[in-house]
1. Looking at the range 127-154, which of its residues are closer than 21 Å to residue 176 by Cα and in contact with a Phe, Trp or Tyr (Cβ under 8 Å, 6 or more places away or on another chain)?
2. Could you please let me know if residue 109 is out of contact with any helix residue (DSSP H, G or I) (no Cβ under 7 Å at 6 or more places or on another chain), open to solvent by 50 Å² or more (accessible area, probe 1.4 Å), under 30 Å from residue 9 (Cα atoms) and of a type in the set (Ser, Thr, Tyr)?
3. Quick check on residue 93: is it modelled with pLDDT of 95 or more, under 19 Å from residue 176 (Cβ atoms), surrounded by fewer than 20 Cβ atoms within 10 Å (Cβ to Cβ) and of a type in the set (A, V, I, L, M)?
4. Only one of these conditions is not met by residue 155: (1) modelled with pLDDT under 90; (2) under 12 Å from the mean Cα position of the chain (by Cα). Which number is it?
5. Within the range 1-57, can you find the residues that are of a type in the set (A, V, I, L, M, F, W, C), open to solvent by 80 Å² or more (accessible area, probe 1.4 Å) and either modelled with pLDDT of 90 or more or assigned to a loop (DSSP other than H, G, I, E, B) (or both)?
6. Looking at the structure I just gave you, is residue 84 modelled with pLDDT of 95 or more and either open to solvent by 10 Å² or more (accessible area, probe 1.4 Å) or in a loop (DSSP other than H, G, I, E, B) (or both)?
7. Got at least one residue in the range 134-147 being of a type in the set (Ser, Thr, Tyr), within 15 Å of the chain's Cα centre (by Cα) and closer than 18 Å to residue 213 by Cβ?
Amino acid sequence: MKKDKPPYIHPDGSILPSVNQILDATDETPSKTRTPSEEKKRQERMYRGSCCHAAIADLLTGTTPVIDEVILPWWASISGFVGAVVKGEAKILLSEKPLVHPILRYGGTPDLILQWPSNTTTLIDLKSTEGSWSYDKKTKTRSYTPYWNEYRQLDPSETPPRFLTWDNANPYLKRAWIQSTFYKMLAEYHDISISEIWIVVLTKANYQVIPLRGDLWSHCYSEAIARLEKFYAPKIEIEVA
């Protein structure tokens, strides 16, 4: 069942910012003013995502989920992901548990941390999307695109890259990886070692797993730390191990 997250409290009693607050405050993209209709849709997407997360957490912990009708179109995707986790015999180390980092001074709630029989520990950040429709003028047909594109939209003057790099990654994917890096630092402060990060995208058609590649990790970690320092500068100096 969907639960409201409590505020993140430092041991000294002060309220800490969440990961999303840090990312929103340090985003270089100018924020645009939303119309009431756009804001309503944004709130609906956030609610849908929370319900999807809660249903997965309930299913994996043996609790009968309360299925809100807003996530019914995503149910096959949710069930498929949960089934794959169960089939893989993964052990749940953490699910939707609020954590704080008293040294780096922020809090967050990782969606899911699993340990597989190989002892690989995976931090999973769940995203839900409606997917998109495209139209082919030649065949005069519409097709459903259920997956996140790993690459950002290229400028017409750019040559399509052979390999995904940090610079040409989709900005939504980059934010998700940075968000998960903050969760990784939280988990490891609480003695849960993380081997890998997965972004799991739930759609109406299927689910997609997008792992953070090892060659992109240093870029992702550096940007996460830079965002944290930018958020607090010049308030305090952040101690980074």
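The values are calculated or read from the model by the stated rules, or taken from the named source; none is laboratory data. The structure displayed is predicted, hence computed values, not measured ones. Cβ sites come from the backbone with ideal geometry, for glycine too, and all protein chains shown count toward neighbours. These accessible areas exclude ligands, DNA and RNA; they are computed on the full protein's heavy atoms, side chains included. Shrake-Rupley method; radii C 1.70, N 1.55, O 1.52, S 1.80 Å.
1. 127, 128, 129, 131, 132, 145, 148
2. Taking the combined requirement at face value, the residue does not satisfy it.
3. No: the conditions fail for residue 93.
4. Of everything listed in (1) modelled with pLDDT under 90; (2) under 12 Å from the mean Cα position of the chain (by Cα), residue 155 misses just condition (2).
5. 1, 15
6. Yes: the conditions hold for residue 84.
7. For the range 134-147, residues of a type in the set (Ser, Thr, Tyr), within 15 Å of the chain's Cα centre (by Cα) and closer than 18 Å to residue 213 by Cβ: present.
The rows are residues; the columns are (1) touching a Lys or Arg at 6+ places or on another chain (Cβ under 6 Å); (2) over 26 Å from residue 145 (Cβ atoms); (3) touching a residue at least 12 places away in the same chain (Cβ under 8 Å).
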residue	(1), (2), (3)
18	no, yes, yes
44	no, no, yes
70	yes, no, yes
77	no, no, yes
113	no, yes, yes
120	no, yes, yes
